[in-house]
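Q: Next up is a structure, given as structure tokens.
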Amino acid sequence: MLPIVLTGVLAAVVIGLLADRLQNRTDEPVPGSRSVVTFDVDTYDAQQPIEQAARALWYACNQAVPSHLESLSIGEGGSGVATLAPAMGPHDRKRLTGCMHDATLDRIRGEVISIVDDRPT
Amino acid sequence: MSGRRIANVLLLATMATSAWYFFAYLVWWEWNRAVIAGVLFVAAEIGFVTLLVLSRLDRVSRQVADANREARVRARLDAAPNASRHFAWLRQPQQLNVFVPVLLGAGIVASALGWLIERIARLTGRTNTSASLSADLADLAPQAGGFLGGGDPIDLLQRPRRR
């Protein structure tokens, strides 16, 4: 009887933790705020230039967040800076970072270096 | 460590790692990688279950083979001739040197007993056997002239009955 109870308690705790970590919510937008995302993109034997790969990955992952793209600049080597308005909440950040890290596009992998929010005081 | 045990350990490690990364990728919101980790987990699980089923089948087939072996031995024992042969030692002529002296000795003893009984009977038996026997049988003898008194049986039957 005791092992069954312990297993049930452990399963409930694990499921609760996973539910907390896996939940997805719509973040409340803060008017007048911005998020500046710095990212870097690497490619492996890609057919297109790395700048186009970085731009394609960014536009693909930008669909994961409701914030509008204000500006995007892609530098040499696949590094870029994007400005989104309004600022992203914690769930938006997780979705954008996951999309950039994930195998969203073949042979292209992005990494979010930093996300800096500019919120009105 | 046997090959099957190594395979089990590797498969279990693969299952644990892929399960961990499956949930980790879900937490990190990396769905494609989570799908790949999940496929790896399912593949390792199928391999592990297959090995488990194969080992169970191997054990069952071994048990069936052992049962057949036992049945064969039992059938062979049942088909063997009955070993309870009486006086089996008589079938071996080289052992008659024990039986013949015993038989001869028993015959000598029986003859001696018979001779002794005969001598005792001769010494104790009465010599006037016919005289004593006639005295004993005299009570059973019919009267003189028979039960009809010497008459003719037909004449007796035709004579009127006296009341």
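The values are calculated or read from the model by the stated rules, or taken from the named source; none is laboratory data. Since we're looking at a predicted model, the values are computed, not measured. All Cβ positions, glycine included, derive from the backbone under ideal geometry; neighbour counts span all protein chains shown.
Q: Report, by residue number, each residue of the stretch B:23-41 that is part of a helix (DSSP H, G or I) and buried (at least 17 other Cβ atoms within 10 Å of the Cβ).
A: Of everything in the stretch B:23-41, those that are part of a helix (DSSP H, G or I) and buried (at least 17 other Cβ atoms within 10 Å of the Cβ) turn out to be B:F23, B:Y25, B:L26, B:R33, B:A34, B:A37, B:G38, B:L40, B:F41.
Q: Return yes or no: is A:L105 within 11 Å of chain B (Cβ to nearest Cβ) and closer than 17 Å to A:R34 by Cβ?
A: Details: within 11 Å of chain B (Cβ to nearest Cβ): yes; closer than 17 Å to A:R34 by Cβ: no.
Judged against the criteria, A:L105 is not a match.
Results for (1) in contact (Cβ under 8 Å) with a residue 24 or more places away in the chain; (2) of a type in the set (G, A, S), shown as yes or no for each residue.
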position: A:A11; (1), (2): no, yes
position: A:G32; (1), (2): yes, yes
position: A:A53; (1), (2): yes, yes
position: A:L57; (1), (2): yes, no
position: A:L84; (1), (2): yes, no
position: A:T97; (1), (2): no, no
position: A:V116; (1), (2): yes, no
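Q: List the strands (runs of 3 or more DSSP E) that sit entirely inside the stretch A:54-121 and contain at least 2 residues that are surrounded by 21 or more Cβ atoms within 10 Å (Cβ to Cβ).
A: Result: A:79-85, A:108-118.
Q: With respect to the numbered conditions (1) free of Cβ contacts under 8 Å to residues at least 12 places away in the same chain; (2) of a type outside the set (D, E); (3) within 30 Å of A:E111 (Cα to Cα), which one is the sole condition not fulfilled by B:L40?
A: (1)
Q: In addition: So how many residues does the stretch A:1-26 have that are within 14 Å of chain B (Cβ to nearest Cβ) and of a type outside the set (A, V, I, L, M, F, W, C)?
A: Residues in the stretch A:1-26 being within 14 Å of chain B (Cβ to nearest Cβ) and of a type outside the set (A, V, I, L, M, F, W, C): 6 in total.
Q: How many residues are more than 14 Å from chain A (Cβ to nearest Cβ) and either modelled with pLDDT under 95 or under 26 Å from A:V112 (Cβ atoms) (or both) when one looks only at the stretch B:13-37?
A: Count: 2.
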